[in-house]
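One structure below.
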Amino acid sequence: MSIVDQVLKTNKRYSGEFALAGLAMPPVLKLAVVACMDARLTVEEILGIKTGDAHIIRNAGGIVSEDALRSLIISHHLLGTEEFIIINHTDCGMLTFRDEGLRQKLERSTGTATVAPCHFFAFDDLRKNVRTQIKKVKSHPWIPDTVPVRGFIYDVNTGRLKEVK
Ligand SMILES: [Zn+2]
């Protein structure tokens, strides 16, 4: 059985005992999180939150990309979130390559250049990367200064979050 068939089977059981009907659309905790997509990071577990509590926006690296900004703006202005968190983590795959190297490798192996994505946003310094993401949110004219934006590094070997000041 393929993994997809397997998870669909699990979902059948899940929906059979579904108990979350009727949740309101706006996140209960008025919280939005931008986090890396890393499989070792389960944002809900790390933060002790549950379905309905927060918006969780994930991508490779926990990058405040144009699309993450789009989601944060909708999250705040249309769905009432009032605090933002950015989560990067130790041993991130984004520390293991450079944009240009990956681009060249893909162009060589596929025989094709492409205009998108124009950046992979690989980085070599976790703390610096978190600070850059915070700055990208804070400097956006459509995100008011009243929204606190805090950044953290999650340690995949201890489960601890460490704030980046
Ligand atoms: Zn990562």
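FYI, it's all coordinate maths here, none of it is from the lab. Source: prediction; values computed, not measured. Methodologically, a virtual Cβ is constructed for each residue, glycine included, from the backbone with ideal geometry; neighbour enumeration extends over all protein chains shown.
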Q: Collect residues whose amide H, placed 1.01 Å from N in the peptide plane, falls under 5 Å from the amide H of Ile143; neighbours closer than 5 in sequence don't count.
A: none
Q | In order through the range 14-26: 3J(HN,Hα) via Karplus (6.51 cos²θ - 1.76 cosθ + 1.60), integer Hz, x for Gly, Pro | A | 4, 5, x, 10, 5, 10, 10, 4, x, 4, 6, 5, x
Q. Among all the lysines, which ones have a C-alpha under 16 Å from Lys128's C-alpha, if same-chain residues fewer than 8 places away are not counted?
A. Lys136, Lys138, Lys162, Lys165
Q: Could you sort 149-156, 115-122, 83-90 so that the peptide with the highest average Cβ count within 10 Å comes first and the rest follow in order?
A: 83-90, 149-156, 115-122
Q) Of all DSSP beta bridges in the range 56-165, what percent run antiparallel (nearest 5)? A) 40 percent
Q: Give the peptides 94-107, 58-71 in descending order of average Cβ contacts within 10 Å, highest first.
A: 58-71, 94-107
Q: Amide H neighbours of Tyr154 under 5 Å, at least 5 residues apart or on other chains, H built in the peptide plane: list them.
A: Asn88, His89, Thr90, Lys162
Q) How many angstrom separate the Cα center of the range 39-99 from the Cα center of the range 128-143? A) 13 Å
Q: Return Leu47, Leu72 ranked ascending by Cβ neighbour count within 10 Å, so the fewest neighbours appear first.
A: Leu47, Leu72
**Q.** Ratio Rg/Rh [Cα only; Rh per Kirkwood] for the range 8-68
**A.** 1.03
**Q.** Vicinal HN-Hα couplings computed from phi for the range 66-79 (Karplus, 6.51 cos²θ - 1.76 cosθ + 1.60; Hz; Gly/Pro x)
**A.** 4, 6, 5, 4, 3, 5, 5, 5, 5, 4, 6, 6, 9, 10
Q: Report the equivalent ellipsoid semi-axes for the chain in whole Å, largest first, defined as the square roots of five times the eigenvalues of the gyration tensor built from alpha carbon atoms.
A: 27, 24, 17
Q: Using amide H atoms built 1.01 Å from N in the peptide plane, name the residues 5+ places from Val33, or on other chains, whose amide H lies under 5 Å from its own.
A: His55, Ile56, Ile57, Ile85
**Q.** Residue-by-residue Karplus 3J(HN,Hα) for the range 39-46, coefficients 6.51, -1.76, 1.60, Hz, glycine and proline x
**A.** 5, 7, 10, 9, 3, 4, 5, 4
Q) In Å, the Kirkwood hydrodynamic radius of the range 46-121 over pairs of distinct alpha carbons? A) 15.0 Å
